[in-house]
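Before any comments, here is the structure.
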Amino acid sequence: MIRNKLGFSVYPKVWQHNEKSLFSHFSDNYQSTCENSPVKRNQDFRDSSWKKSSSSFRANRHYSSSTNNNSHDTNLKTSNDISHNFISEQMSHLIRKYKLSEHSIRRRGIQNSALLHVINPDSKLPHVNMDESYILGVTENGIFIISNETWGALRGLETLSQLLWTTKDQSHVFVNRTYIVDYPRFKHRGLMIDTSRHFISKSVILLNLEAMSYNKLNVLHWHIVDDQSFPYQSDVYPELSAKGAYREDLVYTSNDIKEIVEFARFRGIRVIPEFDIPGHTRSLSLSHPEIMSQCQYEYKNLAYYGPLNPASNKTYELLENLFNEVFQLFLDDYIHLGGDEVETICWLVVKYSLVFSIIFF
């Protein structure tokens, strides 16, 4: 029986074996090498996954498949759009990249069997408590990946892609006899990008998401606006980016954001935007100075505005309308509100705002 830490209480019907028989697939000839091996390799990492799995078993025996035949046959039975679209795309990518053949070298190769089974495939949005665990096995009978949720299947396919290697002439693809049980140590494994201080094009953000999927990262923290610029193009308040962005073309439209969020979703990555308030709002003050605290007394020679004015109803009206729009574009349960480096001294000259300064800061 698979250990409870993976959440499996029994084997799914597609893999009805007891634990002893399951491990017997991998324990045979643990120290042996495949006879008449067509390649001799020095110790390297071509058949190792990154990052290291929670638990893994790799025998010295490996299997090969000819790349002369481009036909393939896979067994994929899952129900949601990620499973049908992205997982199918990933499997097809592996087949195209390594030219995997439906007909393998029978004596030493993997028989034409590829099984991917997702027990609960209904989750369509990555979330903080998503289950990314999976089991991956490579035997002479084929390759299988079993996961509780779609996100584990994605991680398992990524691991599989890192276990394959080819000969120099790319005539054969190889994979070691392998058994991996993997699950994340941390729920939140993120990368932060700052598109206010340095604008990052949509294409580069997509490349970063692709790299994140290779490394099994699952959160993109998008520091989208700050003092320096306001590249978020709001449909409700278009003047925010019109006056706050570096240039009119250095912005993220609603379609850009939808594409980025969808691209991330299909890789099991959450996108959490950060709209830093009440400080770090100088770019916002260019279009809406009426909701800012005035700090001219502190900076007498500058027309400088401080943090948002917490005593103005207009402040809350703008924030409510803006964030209602943001919630429609970013599908995660969370957004980040910053809250750092607030110049509370500016609130001293705003009626009633000293109370906010004392209570919250």
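Laboratory data are not the source of any read-out in this text; all were calculated from the coordinates shown. What you see is a predicted model; the values in this text were computed from it and never measured. Cβ: placed from backbone, ideal geometry, glycine included. Neighbour counts: every protein chain shown.
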**Fill in**
The answer for Thr166, listing residues at least 5 apart or on another chain whose modeled amide H is closer than 5 Å to its amide H, is Phe174
**Prompt:** Counting pairs of Cα atoms in segment 190-360, how many percent are more than 20 Å apart?
**Reply:** 53 percent
**Request:** Treat each spin label as a single point 7 Å out from the Cα along the C-beta direction, and report the Val236 to Phe327 distance in nm.
**Result:** 0.9 nm
**Message:** Using a 7 Å offset from the Cα along the Cα-to-Cβ direction at both Asn141 and Lys202, what is the distance between the two label points in nm, to one decimal?
**Reply:** 4.7 nm
**Item:** J(HN,Hα) series, segment 116-133, from Karplus relation 6.51 cos²θ - 1.76 cosθ + 1.60, nearest Hz, glycine and proline x
**Value:** 10, 10, 10, 5, 10, x, 7, 6, 10, 10, x, 8, 5, 9, 5, 8, 9, 6
**Request:** Starting with the highest mean, order 316-328, 142-154 by the number of other Cβ atoms within 10 Å, averaged over the residues of each peptide.
**Result:** 142-154, 316-328
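Loop only by DSSP, 12 or fewer other Cβ within 10 Å of the Cβ. Give me the trypsin sites (Lys or Arg not before Pro) in segment 180-232 that pass, ordered by residue number.
Arg185, Lys187, Arg197
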**Request:** Multiply the residue separation of Asp340 and Asp169 by 0.36 nm, subtract the distance between their alpha-carbon atoms, and state the gained length in nm to one decimal.
**Result:** 56.0 nm
**Request:** Using 0.36 nm per residue of separation minus the Cα-Cα distance, give me the extension gain between Glu248 and Lys314 in nm, one decimal.
**Result:** 21.2 nm
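Give Lys202/Lys314; Lys168/Lys202; Lys124/Lys187; Lys202/Lys243; Lys124/Lys243; Lys187/Lys314 a once-over and call out the pairs whose C-alpha atoms are over 29 Å from each other. The partial results should precede the final answer.
On the way: Lys202/Lys314 32 Å; Lys168/Lys202 35 Å; Lys124/Lys187 17 Å; Lys202/Lys243 21 Å; Lys124/Lys243 37 Å; Lys187/Lys314 38 Å.
Cα-Cα > 29 Å for Lys202/Lys314; Lys168/Lys202; Lys124/Lys243; Lys187/Lys314; rest within.
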**Fill in**
From fewest to most C-beta neighbours within 10 Å, the residues Tyr237, Tyr134 line up as Tyr237, Tyr134
**Item:** Residue-by-residue Karplus 3J(HN,Hα) for segment 187-204, coefficients 6.51, -1.76, 1.60, Hz, glycine and proline x
**Value:** 5, 10, 10, x, 10, 9, 10, 10, 9, 8, 6, 9, 5, 10, 5, 4, 4, 6
**Request:** Could you calculate the contour length gain from Ala211 to Asp122, that is, 0.36 nm times the residue separation minus the distance between their Cα atoms, to one decimal place in nm?
**Result:** 29.5 nm
**Asked** In segment 212-307, what percentage of the DSSP-assigned beta bridges are antiparallel, given to the nearest 5?
**Response** 10 percent
